[in-house]
1. In the range 79-99, what residues are of a type outside the set (D, E, K, R), more than 12 Å from Pro248 (Cα to Cα) and outside any loop (DSSP other than H, G, I, E, B)?
2. In the range 190-209, which residue that is in contact (Cβ under 8 Å) with a residue 12 or more places away in the chain and hydrophobic (A, V, I, L, M, F, W, C) is farthest from Leu436 (Cα to Cα)?
3. From Leu125, Leu88, Leu105, Leu112, grab the single residue that is closer than 22 Å to Ile187 by Cα, crowded, with 23+ Cβ neighbours inside 10 Å and either in contact with a Ser or Thr (Cβ under 8 Å, 6 or more places away or on another chain) or of a type in the set (Ser, Thr, Tyr) (or both).
4. Within the group Thr266, Thr240, Thr233, Thr220, which residue is among the β-branched types (Val, Ile, Thr) and either part of a helix (DSSP H, G or I) or modelled with pLDDT of 90 or more (or both)?
5. Taking the range 340-374, which residues are outside any helix (DSSP H, G or I) and more than 29 Å from Asp424 (Cβ to Cβ)?
6. Could you please give the count of residues in the range 428-439 that are in contact (Cβ under 8 Å) with a residue 40 or more places away in the chain and under 19 Å from the mean Cα position of the chain (by Cα)?
7. In this structure, does Ile114 turn out to be modelled with pLDDT under 85 and of a type in the set (A, V, I, L, M)?
8. Quick one: which residue in Leu409, Leu454, Leu436 is assigned to a helix (DSSP H, G or I) and within 30 Å of Val138 (Cβ to Cβ)?
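The values are calculated or read from the model by the stated rules, or taken from the named source; none is laboratory data. Everything quoted here is computed from the prediction, not taken from an experiment. Backbone-built Cβ (ideal geometry, glycine too); neighbour counts: all protein chains shown.
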Amino acid sequence: MSALALLAIAAAGVALLLVAVIKFKIPAFLALLVVSVSVALVAGIPLPDVIKTVTEGMGGTLGSVAILVGLGAMLGKMIEISGGAQSLAGKFTQLLGPRRVIAALTAAAFLLAIPVFFDVGFIILIPIIYGFAKAAAVNPVKIGLPVGAIMLAIHVVVPPHPGVVGGAGILGADIGWTTILGLVLCIPVGVLGYFVARKLNRREFSMLPATAEQFRLFGTGNSQIEQEAAQGTSKVAVKTEVRTAPSPAMIITLIVLPILMIMVGTVGAVILPKDSFPAQLASFIGAPLIALLTALGLAYYFLGIRRGWSSQHTGEVMDSALAPTAIVILVTGAGGVFGKVLTVSGIGKALAEGLQTAGLPVIVMAFILAAILRASQGSATVAIITTAGLLAASVADGGFSPIQTALILIAIGFGAFGLSHVNDSGFWIVTRYLGLSVADGLRTWTVLTTVLGLAGFALTFLVWILVGGLGV
């Protein structure tokens, strides 16, 4: 089959996926599997090999994704239920002072977002955002916009979040380099988000009546948020006694420790003699599995047992984190199936050759494809793993270094960062809790995510040029 025909099949497959998800509201997991099988059949993969390809694509991706996403979700749940978010936010506010509340909460959100999914993390911080907004007599949107922006940035480019972990599995990107580079690049993006949000907030936005009433009641004990928290049933807050809340130092340690361990493995592979015992030890310590297991073991004791939780209750808290992640893990695995089909069918190779002919760098195409898919169907995770599948062959045949491959993955993440609008669940979470109308949400949240996505890619591309020039 000609390269042009294969590319046409790929385009039709992506179009079919978008129609299934957007128009017919078919679950992304099911849509990805159906499209993958359809593309495999049309592209000429022999019938006996179709199921084998699907199984290998799912298994190969889930082998890395399920463990890391599951452990990361457990760690995030322990921090959430223990009251760690409140403790962290309070400490940063104390350090930076009451006049820098927005900067303090944004810095706290940067750390909290590493182990906690975006939507969960933002909802956890809502009571804190409301509380500080009432104390400062300002609209909560002034605090919520930069907080949400940095949390979403971390969500799309830093492991153990599902999209970037799944993309790493598909592209063969090193988790260590992805983590290091992702965090480094998110720092200036977060700073820029703070100033862009401040400029957007020069205009006064009217709160939706329902949100305005909840905000008015907040602090009186009569708001829905506080009532649910008191009953221990709220997704927004948790029933936590202030006197038993973990220290900020403990929360920071639990978040930073696995990152430092992963860095040990990544740096050790570069500076230590290959196949030496120190190199093997550094590789073991820096394996994301070991790093997250270590942090989770410490959380089990210091956030649970030591604070008076029973082993059963601590286990139940950890188990409760797994159910919400199941669908995310399955969607990521289905994205791996799509990538495998594209590789086996030869579509990926045809796309790689097409990129070479057009002279367009892979990293630029990575950003563009992810942005288009993000805008089309809303899910950042689906956009990341689908783009990774489309470019897997190009990356595999490109002879890229581990750092370059990680940068390509990060470019995909920043492509999936922007253009958050009405087809994105995150858009509705932010606008609902901040009381923004759809029009105001498009003027603020959509503009903010798009500007930061472009800025994140610009920084990533600059690092790409520097890395290429140094030959790293």
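1. First pass over the range 79-99, keeping only residues of a type outside the set (D, E, K, R): 79, 81-90, 92-98.
Keeping just the survivors that are more than 12 Å from Pro248 (Cα to Cα) gives 81, 96-98.
Ile81, Leu96, Pro98 - these are the residues of the range 79-99 that are of a type outside the set (D, E, K, R), more than 12 Å from Pro248 (Cα to Cα) and outside any loop (DSSP other than H, G, I, E, B).
2. For the range 190-209, the residue satisfying everything is Leu192.
3. Details: Leu125 fails: either in contact with a Ser or Thr (Cβ under 8 Å, 6 or more places away or on another chain) or of a type in the set (Ser, Thr, Tyr) (or both); Leu88 fails: either in contact with a Ser or Thr (Cβ under 8 Å, 6 or more places away or on another chain) or of a type in the set (Ser, Thr, Tyr) (or both); Leu112 fails: either in contact with a Ser or Thr (Cβ under 8 Å, 6 or more places away or on another chain) or of a type in the set (Ser, Thr, Tyr) (or both).
Exactly one of Leu125, Leu88, Leu105, Leu112 is closer than 22 Å to Ile187 by Cα, crowded, with 23+ Cβ neighbours inside 10 Å and either in contact with a Ser or Thr (Cβ under 8 Å, 6 or more places away or on another chain) or of a type in the set (Ser, Thr, Tyr) (or both), namely Leu105.
4. Working: Thr240 fails: either part of a helix (DSSP H, G or I) or modelled with pLDDT of 90 or more (or both); Thr233 fails: either part of a helix (DSSP H, G or I) or modelled with pLDDT of 90 or more (or both); Thr220 fails: either part of a helix (DSSP H, G or I) or modelled with pLDDT of 90 or more (or both).
Of Thr266, Thr240, Thr233, Thr220, the one residue that is among the β-branched types (Val, Ile, Thr) and either part of a helix (DSSP H, G or I) or modelled with pLDDT of 90 or more (or both) is Thr266.
5. Filtering the range 340-374 for residues outside any helix (DSSP H, G or I) gives 346, 359-361.
Within the range 340-374, Gly346, Gly359 meet the criteria.
6. So in the range 428-439, the residues in contact (Cβ under 8 Å) with a residue 40 or more places away in the chain come out as 429-430, 432-437.
This time we only want the ones that are under 19 Å from the mean Cα position of the chain (by Cα), so: 429-430.
Residues meeting the conditions: 2.
7. Values: modelled with pLDDT under 85: no; of a type in the set (A, V, I, L, M): yes.
Answer is no for this residue.
8. On the way: Leu409 fails: within 30 Å of Val138 (Cβ to Cβ); Leu436 fails: assigned to a helix (DSSP H, G or I).
Among Leu409, Leu454, Leu436, only Leu454 is assigned to a helix (DSSP H, G or I) and within 30 Å of Val138 (Cβ to Cβ).
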